[in-house]
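Taking it in order: structure first as structure tokens, then the write-up.
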Amino acid sequence: MRVLALVALLSMTVFAPPAHAASVVEVPSFGPNPGNLKMFRHVPDGLPAGSPLVVVLHGCTQDAGYGTSSGWVSLAGRMGFAVVLPQQQSANNLNKCFNWFQAADTARGQGEAASIASMVARVKADHGTGRTFATGLSAGGGMTSALLAAYPDVYSGGGVVAGLPAGCATTVIDAFGCMNPGRNLTPAQWGDKVRAASSHRGPWPTMTVWHGTADHTVVAANQREIVEQWTDVHGTDATADVTDTVSSYPRATYFNNAGSPVVRSHTVTGMGHGQPVDPGGSPQQCGTATAYVLDVNACAAYHLAQEWSL
């Protein structure tokens, strides 16, 4: 079953729709690139200085088109923020997965994490962007966790969709067990992995998790472990302070000692492995359903943008 789970993750295929494709441009040279990644970006015309920036990370076998199918590119124009779209190359990973399980690619100043930091610095230099967030699906979700741990001074918050906790794996073999059945550590053990990833001691990025209850590729146990990791980092417990629903799905919110929401968890009942979207023309709708981008009447990108006050 573990082998099948990894094969399923590595076989994800998304066909990006043509909408907004012309507004996503490649940046061939963006600074130090030790991870050998490609950079794409979307900056709406006339974007004011100080506007937010969102790093959007695709899953395995996907590419920068994930930013369009997930809804992030269209939201950027509607809400006024910039988007960075790192793209993996098959020379780094045969299935174009971000190497969330390799220490050489997730440590601060190294590999893919450092390349993405260069992309963020380039957009900030070119456009004067302000608060920065990261989000990603599956392997991109795993890399999102790693980025928040390695660069907590860069990111104000993260959104992990069907992903994994920071530091869950350091080898491909470890990755099998993290994906399914998941790795069960104490909140303090998870929190220590984040604290060990940099010399930063706060304030910490917020964390939001989206996960389907029927995900058998990256099982929903990872959702719980991410919540435990980041509530511990923020010095609070993993008992929700507020529970409600968003687009009819359960959401749990965890506050720090100052009363600020620092961790949120969205549970998409019955959803398998993928990115939640809600195609349509209303303000809360976004995204295009395709393989592993799933129409569940809830657009995760929109709700993340709302929670981040983009």
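The figures follow:
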{"quantity": "Residue count, the stretch 174-191 (criterion: loosely packed, with under 14 Cβ neighbours inside 10 Å and not in a helix (DSSP H, G or I))", "calculated": "2"}
{"quantity": "The stretch 40-59 - residue that is buried (at least 24 other Cβ atoms within 10 Å of the Cβ) and of a type in the set (A, V, I, L, M, F, W, C) and, of those, farthest from residue 135 (Cα to Cα)", "calculated": "53"}
{"quantity": "Residue satisfying all of: in the stretch 216-238; outside any loop (DSSP other than H, G, I, E, B) and hydrophobic (A, V, I, L, M, F, W, C); nearest to the chain's Cα centre (by Cα) among these", "calculated": "226"}
{"quantity": "Condition met for residue 41 (of a type in the set (Lys, Arg) and in contact with a helix residue (DSSP H, G or I) (Cβ under 7 Å, 6 or more places away or on another chain))", "calculated": "yes"}
{"quantity": "Residue satisfying condition, being in contact with a Ser or Thr (Cβ under 6 Å, 6 or more places away or on another chain), without any contact (Cβ under 8 Å) to a residue 60 or more places away in the chain and buried (at least 24 other Cβ atoms within 10 Å of the Cβ), within set 113, 146, 64", "calculated": "146"}
{"quantity": "Candidates 233, 227, filtered to the one that is in contact with a Phe, Trp or Tyr (Cβ under 8 Å, 6 or more places away or on another chain), buried (at least 22 other Cβ atoms within 10 Å of the Cβ) and without any contact (Cβ under 8 Å) to a residue 40 or more places away in the chain", "calculated": "227"}
{"quantity": "Any hit, the stretch 70-82, residues being in contact with a Lys or Arg (Cβ under 9 Å, 6 or more places away or on another chain), buried (at least 17 other Cβ atoms within 10 Å of the Cβ) and not aromatic (Phe, Trp, Tyr)", "calculated": "yes"}
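Results for (1) touching a residue at least 60 places away in the same chain (Cβ under 8 Å); (2) among the polar types (S, T, N, Q), shown as yes or no for each residue.
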{"site": "72", "(1), (2)": "yes, no"}
{"site": "80", "(1), (2)": "yes, no"}
{"site": "92", "(1), (2)": "no, yes"}
{"site": "117", "(1), (2)": "no, no"}
{"site": "120", "(1), (2)": "yes, no"}
{"site": "138", "(1), (2)": "yes, yes"}
{"site": "141", "(1), (2)": "yes, no"}
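Coordinate-derived values only; no laboratory data. Everything numeric here is computed off the predicted structure, so don't read it as measured data. Methodologically, a virtual Cβ is constructed for each residue, glycine included, from the backbone with ideal geometry; neighbour enumeration extends over all protein chains shown.
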